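First the structure, in the form of structure tokens, and then the observations on it.
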Amino acid sequence: MIRCIAAVLAFASPFARVFADTLPSSYPHVYSNEPSTNLGPDWQSYFEVTESLPNVTFDVSRNFAGNIAVQREGHPNNTLFFWAFEKEEGSLTADANSSSTEPWGIWLNGGPGSSSMYGLLFGNGPINIASDYSALVNNYTWADVADYVWIDQPVGVGFATADADGYAPNEDQVGEDFMGFLENFVKVFPSLATRPLYITGESYAGVYIPYIMKTYFSMSNAPVNLAGVGIGNGAITSGQVFELLPALDTIQTYPQLIGYDPEVYKYFEEQSKLCGYDVNLTYPQGGIIPSVPLTLPTDRDVVFLLSEMRMRSFKSQLLSKLSARADEVHTLTRREEWKRDLTGRANGSIDSWYGCLLLDEFIDYALNYTYPWNISQTFDVYNIQDALNPEVTTDATVFLNDNQTRTALHAPTSKDWALSFEYTFGQSGSADPSPEPMVFLTELATNATAQNITIVLYSGNDDSLIAHRGTEIAIQNTTFGGIQGFTKKPSTPWYNESGSFAGIVHQERGWKYVLVHGAGHLVPTDAPDAAFVLARDFIFGSNETGLVDGDRVVGGENSTLAIDVLPGGDEIYYGVGATQSTYIYPSATRSAWEAFIQTATAAASAISQSQNNGCGVQQVKRTSKFGWAVSMITILCWIL
């Protein structure tokens, strides 16, 4: 949502000029042993991490870290920061053209403005930081799958550096900077220039990676050999498609959100239909999925609420707004205009208080009416099952800003590391002016098919911010391998390393879709075992489970999984930090819901099939006005 709301800020040109005058400047630090030569293999010994790291008492593979320039003319201080780990001794430092078939990977976090060190230290890196700030070995690191590089980007994010007037103005520049960095990076590690590269990431990396691909395809002599991409819970479509449209599916996944109340479900079902969110995906898809308008609230001035952000820095305004919103939740307990019982409200018209902001509406409902959210007064859009308040600490600032760490990683001294950076696009702050990747996804897919580049899109089933339904719509509205979307509905189970059910997988014509059971927005963090198998077998590997082969599907088609909604867990976790309690609704309540929802969804499916004929939502143009309509709760949460 940060990207969508950014349009508000971009319109305020007088404030943008003031904003530009206060942008920070940073630069890489020159350590005593830095070579005086141009970048080349002799720099490997400089970048190697040889000094000990705080609290890391276990062995890790040989690793390298530091800043490398993006080669932007007039901006020598524009660099990206990397931390790379070898899979095997010497695999990163091999000579040019050796190990040519051994893959390597890159990981990017999103934001925009989020450091990829978060992914390394709390997700799929070899070192994880615990809530008590101790360091732990990660037995499911993706660095055991391939040589892996975690990169802070765009310029200025995390330990990446930038001149005050050198920030990326748009995603095209982000892509150019990234390729400029890679051109320099492979000078230091020359074998990587020809080895198969897989670029992976999550959330807003669903914007970064397609634009990086766009730049790659435009180059006559790219510095690397792109073999595949893997995007998790990616912001590929417009905000209303990935965030608002899936609301009813999210409620079906976790009916605990509405207390298993059929009447409340009927209300959201009707609102979803009135808003045009009742998309019918068909396999194969019957033509381009048409667009639906976004309907804003009419009983409150959302535009005025968000336009206040023009006057202050983006992040500080969001924080203050969220704080005020939290106070409102506690103090407005008797105001019907805020806390309204939705039962019996289905009346054939769009709710004038929420409009079609259905995610915001079910969040408010849960906070006001549904246990345990109404007690914890917090909602984690990343992971629906998590109602902890406060949540378990995930803080890397102590580790990364320790001078011992900074020196070992050859990190800059001109700035401190922070998880989020509010000036990603310079004077536009976090306002990304670029169109969402869905606009050109078919063009990318055509190029990827021509160059045999694999596309993997995966989603955590428990994510309510970028729910899997939006990813499925993106796939079905994209033409790849000469056909639009998948020809068969994903329904093949896959399993994690311990043999437990991990979700649904499907593959056709160089595209793969993986739904991860028991994971939210941050799949490697929530389900490290399953995420490791996903990376090894489906992103880097050639596991054919779910592959359409003529009339059959490898691994079979399970009719019980050929559904739009994969049910979530029964448990909701609440409490303080690591002190957790579990709440499960009574079995009679859950049984009654099952009987109701089977009938309700069967009826809705029959109507949809007869009336919709594959129509729903099209992503062929920008919907920038969506940014005006977002609630404060939603905006703050999307920083990763």
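Taking first residues from the stretch 552-573 that are in a loop (DSSP other than H, G, I, E, B) and partners that are crowded, with 17+ Cβ neighbours inside 10 Å and among the small types (Gly, Ala, Ser), the Cβ contacts under 6 Å between residues at least 6 apart in sequence or on separate chains come to Gly555/Gly546; Glu557/Ser491; Asn558/Ser491; Ala562/Ser491.
Quick grid of which residues meet (1) crowded, with 24+ Cβ neighbours inside 10 Å; (2) modelled with pLDDT under 95; (3) in contact with a helix residue (DSSP H, G or I) (Cβ under 7 Å, 6 or more places away or on another chain):
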| position | (1), (2), (3) |
| --- | --- |
| Asn109 | yes, no, yes |
| Ser116 | yes, no, no |
| Asn124 | yes, no, yes |
| Ser131 | no, yes, no |
| Ile151 | yes, no, no |
| Gly156 | yes, no, no |
| Ala160 | yes, no, no |
| Asn170 | no, no, no |
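Within the stretch 532-577, the set of residues being over 22 Å from Leu281 (Cα atoms) and acidic (Asp, Glu) comprises Asp537, Glu544, Asp570, Glu571.
Need the failing condition index for Val188 against (1) in contact with a Pro (Cβ under 7 Å, 6 or more places away or on another chain); (2) closer than 23 Å to Phe540 by Cα, just the number. Unmet for Val188, out of (1) in contact with a Pro (Cβ under 7 Å, 6 or more places away or on another chain); (2) closer than 23 Å to Phe540 by Cα: (2). Only residues that are more than 19 Å from the chain's Cα centre (by Cα) and either part of a helix (DSSP H, G or I) or small (Gly, Ala, Ser) (or both) were counted across the stretch 534-551, and they come to 6. Against the list (1) assigned to a loop (DSSP other than H, G, I, E, B); (2) of a type in the set (A, V, I, L, M); (3) modelled with pLDDT under 90, the condition Leu53 fails is (3). Quickly run through the stretch 437-462 and pick out the residues that are assigned to a helix (DSSP H, G or I) and over 30 Å from Ala527 (Cα atoms). Listed by number, the residues that qualify are Val439, Phe440, Thr442, Glu443, Thr446, Asn447, Thr449, Ala450. In the stretch 391-436, of all residues being of a type in the set (Ser, Thr, Tyr) and not in a loop (DSSP other than H, G, I, E, B), the one that is nearest to Tyr167 (Cα to Cα) corresponds to Ser428. The residues of the stretch 95-115 that are in a strand (DSSP E or B) and hydroxyl-bearing (Ser, Thr, Tyr) amount to a single one, Ser114. Of all the criteria given as (1) more than 30 Å from Asn128 (Cβ to Cβ); (2) in contact with a His (Cβ under 9 Å, 6 or more places away or on another chain), the one not satisfied by Tyr46 is (1).
You will find that of Ala530, Ala502, Ala519, the residue that is touching a residue at least 40 places away in the same chain (Cβ under 8 Å) and surrounded by 22 or more Cβ atoms within 10 Å (Cβ to Cβ) is Ala519 and no other.
Count of the stretch 362-393 residues, restricted to those that are aromatic (Phe, Trp, Tyr) and surrounded by fewer than 19 Cβ atoms within 10 Å (Cβ to Cβ), is 1. The set of residues from the stretch 240-254 being crowded, with 24+ Cβ neighbours inside 10 Å and not in a helix (DSSP H, G or I) comprises Leu245, Pro246. Of the residues making up the stretch 271-290, those that are in a helix (DSSP H, G or I) and surrounded by 21 or more Cβ atoms within 10 Å (Cβ to Cβ) are Gln271, Ser272. Is at least one residue of the stretch 339-347 under 29 Å from the mean Cα position of the chain (by Cα) and either modelled with pLDDT of 85 or more or surrounded by 14 or more Cβ atoms within 10 Å (Cβ to Cβ) (or both)? Scanning the stretch 339-347 turns up no residue that is under 29 Å from the mean Cα position of the chain (by Cα) and either modelled with pLDDT of 85 or more or surrounded by 14 or more Cβ atoms within 10 Å (Cβ to Cβ) (or both). Residues that are farther than 15 Å from Gly520 by Cβ and β-branched (Val, Ile, Thr) within the stretch 364-391 comprise Thr370, Ile375, listed in sequence order. Against the conditions (1) in a strand (DSSP E or B); (2) buried (at least 24 other Cβ atoms within 10 Å of the Cβ), Leu257 satisfies every one except (1).
Would it be correct to say that Pro290 is within 28 Å of Gly111 (Cβ to Cβ) and at pLDDT 50 or above? Taking the combined requirement at face value, the residue does not satisfy it. Every listed requirement among (1) on the phi < 0 side of the Ramachandran plot; (2) of a type outside the set (Val, Ile, Thr); (3) assigned to a loop (DSSP other than H, G, I, E, B) is met by Asn128 save one, (3).
Of the residues Asn447, Asn461, the single one that is touching a Phe, Trp or Tyr at 6+ places or on another chain (Cβ under 6 Å), in contact (Cβ under 8 Å) with a residue 12 or more places away in the chain and closer than 21 Å to Thr237 by Cβ is Asn447. Do we find that Val207 is β-branched (Val, Ile, Thr), over 24 Å from Tyr382 (Cβ atoms), within 21 Å of the chain's Cα centre (by Cα) and surrounded by 21 or more Cβ atoms within 10 Å (Cβ to Cβ) in this structure? Here the answer is no, as Val207 does not meet what is asked.
Residues considered: Ala411, Ala396. Of these, the only one that is buried (at least 19 other Cβ atoms within 10 Å of the Cβ), over 21 Å from the mean Cα position of the chain (by Cα) and at pLDDT 95 or above is Ala411.
Residues that are among the hydroxyl-bearing types (Ser, Thr, Tyr), in the same structural domain as Gly119 (by TED's automatic domain parsing) and touching a residue at least 60 places away in the same chain (Cβ under 8 Å): does the stretch 32-40 have at least one? No: the stretch 32-40 contains no residue that is among the hydroxyl-bearing types (Ser, Thr, Tyr), in the same structural domain as Gly119 (by TED's automatic domain parsing) and touching a residue at least 60 places away in the same chain (Cβ under 8 Å).
Here is the figure for the stretch 78-92: residues that are closer than 15 Å to Thr194 by Cβ and of a type in the set (S, T, N, Q) total 1. Taken residue by residue, the stretch 180-192 has at least one member that is outside any helix (DSSP H, G or I) and modelled with pLDDT of 95 or more.
Is it true that Ser100 is of a type in the set (Ser, Thr, Tyr), under 19 Å from Pro24 (Cβ atoms) and in the same structural domain as Phe440 (by TED's automatic domain parsing)? When the stated conditions are applied, Ser100 does not pass them.
The values are calculated or read from the model by the stated rules, or taken from the named source; none is laboratory data. No experiment lies behind these values; they were computed from the predicted model shown. Neighbour counts run over all protein chains shown; Cβ positions are idealised from the backbone, glycine included.
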